[in-house]
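K.L.:
What follows is a single structure, and I will ask about it in a moment.
The values are calculated or read from the model by the stated rules, or taken from the named source; none is laboratory data. It should be emphasised that the depicted structure is a prediction, and the values quoted were computed from it without experimental measurement. Cβ atoms come from the backbone with ideal geometry, glycine included; neighbour counts cover every protein chain shown.
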Amino acid sequence: MVLDISRLTFSHPRHPTPVLQHVDLRLSAGCSLCLLGVNGTGKTTLLRCVMGLLRPQAGRIVLHDRHGHALRDRHKARALAYVPQQTSAPALTLLDLVLLGRTPHLSPLALPGAHDRAMAEHALERVGMAHLASQRFDRISGGQQRLALVARALAQEPSLLVMDEPMSGLDLGNQGRMLALIRSLNEEGLAVLLTTHQPEHAWLLDAQAAVLEHGRIAHCGPARSLLDAPLLGKLYDHPIHISFHEDTPCACTPRLKSPPC
């Protein structure tokens, strides 16, 4: 077990209604867990609680190392890496941005060395951005920025990668590359916790899925059996059509009453 969330409850200051209520989740090494839910249901809040950016009012979040031991706070900075949904655009080259992912491995005031640079270059190569290493982060497209942020997270060498809508802003080709990358990271033993509005991503990753409704985990289980048309239709309050390939769900689309153009 890499991540163990138990009875997590969170409310924003001055807003007594909880955003998250009694959330229980577990994630094992080498697995992906996709969080689904309508806008405003608490997905990003949950990720920020996991990262320690928000402090819950109740419950616990325990991160374990590969031997099953609970990590102390000073070790979590190395073990946890975060790819946010949005970020500022610093005037750094992509290589310098990705080198920031090596910070938890450096002693205070130390500068990155040859090994850190090699790790950063390898991370850029894994996301297909090595040829843009000298480009400035604030001068590339939004989709390319997202890939660069993933590279920064990979350079950290985490045991748990937390990603907030990692496919947002990516074209179909880069979505496919991102999904393939996540699957390869799972095969290497990395656990991935991500949010998505596209159930097919959970199917393609052969991931576990957790459905958030009104701040609670309403459903949890293997995505390919859990995320069927009735559940998705109820979740999104709209009829959903699911396409299959060799008895495996592969795509879903909203049903429209009017005939297609």
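K.L.:
On the given criteria, is residue 164 in the same structural domain as residue 197 (by TED's automatic domain parsing) and in contact with a Pro (Cβ under 8 Å, 6 or more places away or on another chain)? It would help to see each step written out before you state the result.
P.N.:
Numbers: in the same structural domain as residue 197 (by TED's automatic domain parsing): yes; in contact with a Pro (Cβ under 8 Å, 6 or more places away or on another chain): yes.
Here the answer is yes, as residue 164 does meet what is asked.
K.L.:
Which of the following residues is under 26 Å from residue 81 (Cβ atoms) and not β-branched (Val, Ile, Thr): 230, 222, 249?
P.N.:
222
K.L.:
Would you list the strands (runs of 3 or more DSSP E) that sit entirely within region 30-109 and hold 2 or more residues that are not hydrophobic (A, V, I, L, M, F, W, C)?
P.N.:
Passing ranges, in order: 58-63.
K.L.:
Given (1) over 30 Å from residue 114 (Cα atoms); (2) within 18 Å of the chain's Cα centre (by Cα), where does residue 9 come up short, assuming only one miss?
P.N.:
(2)
K.L.:
Would you be able to tell me the number of residues in region 123-140 that are in contact (Cβ under 8 Å) with a residue 24 or more places away in the chain and over 9 Å from residue 94 (Cα atoms)?
P.N.:
The total comes to 6.
K.L.:
Also, quick follow-up: Could you please find all residues in region 59-80 being surrounded by 14 or more Cβ atoms within 10 Å (Cβ to Cβ) and over 25 Å from residue 100 (Cβ atoms)?
P.N.:
59, 64
K.L.:
Using the structure shown, decide if residue 90 is loosely packed, with under 15 Cβ neighbours inside 10 Å, touching a residue at least 24 places away in the same chain (Cβ under 8 Å) and not small (Gly, Ala, Ser).
P.N.:
Judged against the criteria, residue 90 is a match.
K.L.:
Would you check if there is a residue in region 208-225 being touching a helix residue (DSSP H, G or I) at 6+ places or on another chain (Cβ under 6 Å), under 29 Å from residue 122 (Cα atoms) and modelled with pLDDT of 95 or more?
P.N.:
no
K.L.:
Okay, next question. Count, please, the residues in region 16-33 that happen to be under 15 Å from the mean Cα position of the chain (by Cα) and crowded, with 18+ Cβ neighbours inside 10 Å.
P.N.:
Count: 6.
K.L.:
Also, I was wondering about something else. Can you find a residue in region 224-242 that is surrounded by fewer than 21 Cβ atoms within 10 Å (Cβ to Cβ), in a strand (DSSP E or B) and not β-branched (Val, Ile, Thr)?
P.N.:
Yes - at least one qualifying residue is present in region 224-242.
K.L.:
Across region 141-173, which residue is surrounded by the fewest Cβ atoms within 10 Å (Cβ to Cβ) among those that are touching a residue at least 60 places away in the same chain (Cβ under 8 Å) and on the phi > 0 side of the Ramachandran plot?
P.N.:
Filtering first and then ranking leaves 157.
K.L.:
Looking at region 101-126, which of the residues that are surrounded by 15 or more Cβ atoms within 10 Å (Cβ to Cβ) and among the hydrophobic types (A, V, I, L, M, F, W, C) is farthest from residue 168 (Cα to Cα)?
P.N.:
119
K.L.:
Right, something else. Return the residues of region 174-219 that are assigned to a loop (DSSP other than H, G, I, E, B) and either assigned by TED's automatic domain parsing to the domain that holds residue 142 or surrounded by fewer than 20 Cβ atoms within 10 Å (Cβ to Cβ) (or both); say none if nothing qualifies. Give the derivation first.
P.N.:
Going residue by residue through region 174-219, those that are assigned to a loop (DSSP other than H, G, I, E, B) are 188-190, 196-198, 205-207, 214-215.
Passing the criteria: 188, 189, 197, 198, 206, 214.
K.L.:
What pairs can you find where one residue is in region 239-254 and within 21 Å of residue 175 (Cα to Cα) and free of Cβ contacts under 8 Å to residues at least 12 places away in the same chain, the other is β-branched (Val, Ile, Thr) and assigned to a strand (DSSP E or B), and their Cβ atoms are less than 9 Å apart, with a gap of 6+ or different chains?
P.N.:
243/253
K.L.:
Looking for something out of contact with any strand residue (DSSP E or B) (no Cβ under 6 Å at 6 or more places or on another chain), over 15 Å from residue 161 (Cα atoms) and touching a residue at least 60 places away in the same chain (Cβ under 8 Å) - is there at least one such residue anywhere in region 35-52?
P.N.:
Looking through region 35-52, at least one residue is out of contact with any strand residue (DSSP E or B) (no Cβ under 6 Å at 6 or more places or on another chain), over 15 Å from residue 161 (Cα atoms) and touching a residue at least 60 places away in the same chain (Cβ under 8 Å).
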